[in-house]
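Worksheet: one structure, shown below.
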Amino acid sequence: MRKNATLLLLTLALSCNAFAVRPMVSPRYHRMHRFHRIRWNPVFRPSHESLLLQNAEIDRLNLPRIRDDKELQRLIGTGDLVAIVPSDTLRVQPSLDPARRYCRPWTLDFVQDISEAYYKEFHQQIQVNSAVRTVLVQKKLRRHNRNAAPEQGETASSHLAGLTVDLQRRGMTKAQVQWMEEYMRPLKEMGLIEPEEERRQWCFHIMVAGSYSEWRATKMLAAQDNSETLHEITTIGLPLTISQ
C-alpha cells in the first residue's frame, strides 16, 4: 500500500506540473522587445547645438515666432507663408490642421525638390506631417510630447517661424532612409538645411535656410546653361531648320 500511495502522489505531482498555469506573453511584447534592441544610429541626431543653429537662422532672417492664429493669418495674407499643396509626389497628413499647412516660400521649394527626387527614385510620395506652428500650439504640444522643443528661448521650436517641416520617416525602408540621408547630407554641409531624425515621432525634422532659394535658382540656371551648351555641341554641322 505504501508503494501504491507513493506512486499515486508522484503521479499527481507530475500532473500538476504539466497542467500548471503559465503567464501568457503577448506577441506585441516580443515585437517591442526586438524593436528596443535595434541599434538607433541616425546620421542627423537631434542635439542642443542643432536647435541653436535653427534659432540662429531665424534671428539672422529677422523672422517672428508666430504667437497665435491672428498673426498666422496675417502672414498668410501677405504671402510670407505659402500653402503646402498635395501633388503626385507629395501628400499631407490628413489630421494636420488645414490652417497649419503653410511654410516659408524657400521651405516649399525644398519640399517640392526632395519630393520630386524621391518619387523619381521610389515612385512613392513623401508625406508632410507638420509645418508652421504658433506659440500657443507649441505649448499644447509640449503637454503630451515631452520631446517637443520649447515655445521660447534660444532652443525654441523652429516650426514657430514657418521655415521647418516634418517629413514622415515611419514606413520607409532602410534603403529609403539612407537615400534621404544622402540627399540631405551635402545640403546640410552647405548650411542650406538643418535636419534632425526624431526617434519617437519617426520623422525627419528639417529647417530650411533662407539661402536655399538663391542656391536653387543658381543651380537651375547652371543646368539650363549646360543644357543649351550640350544642344550647341550636338547640333554642330547639322543643317539649320528654315522656318516656313
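Every read-out reported here was derived from the displayed coordinates using simple, explicitly stated rules and does not represent laboratory data. This is a predicted model, so every value here is computed, not measured. Using ideal geometry, Cβ is built from the backbone for each residue, glycine included, and neighbour counts are taken over all protein chains shown.
Tabulated results
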item: Gap separating the Cα centres of segment 179-223 and segment 86-109, nearest whole Å; result: 17 Å
item: Mean Cβ count within 10 Å, highest first, over the residues of peptides 205-212, 77-84, 217-224; result: 205-212, 77-84, 217-224
item: ³J(HN,Hα), Karplus 6.51/-1.76/1.60, whole Hz, each residue of segment 119-127, x for Gly, Pro; result: 5, 5, 7, 10, 6, 9, 7, 9, 10
item: Kirkwood-type radius of segment 120-212, with distances r between different C-alpha atoms, in Å; result: 14.2 Å
item: Long pairs among Lys120/Lys174; Lys140/Lys188; Lys70/Lys140; Lys70/Lys139, criterion Cα-Cα beyond 22 Å; result: Lys140/Lys188
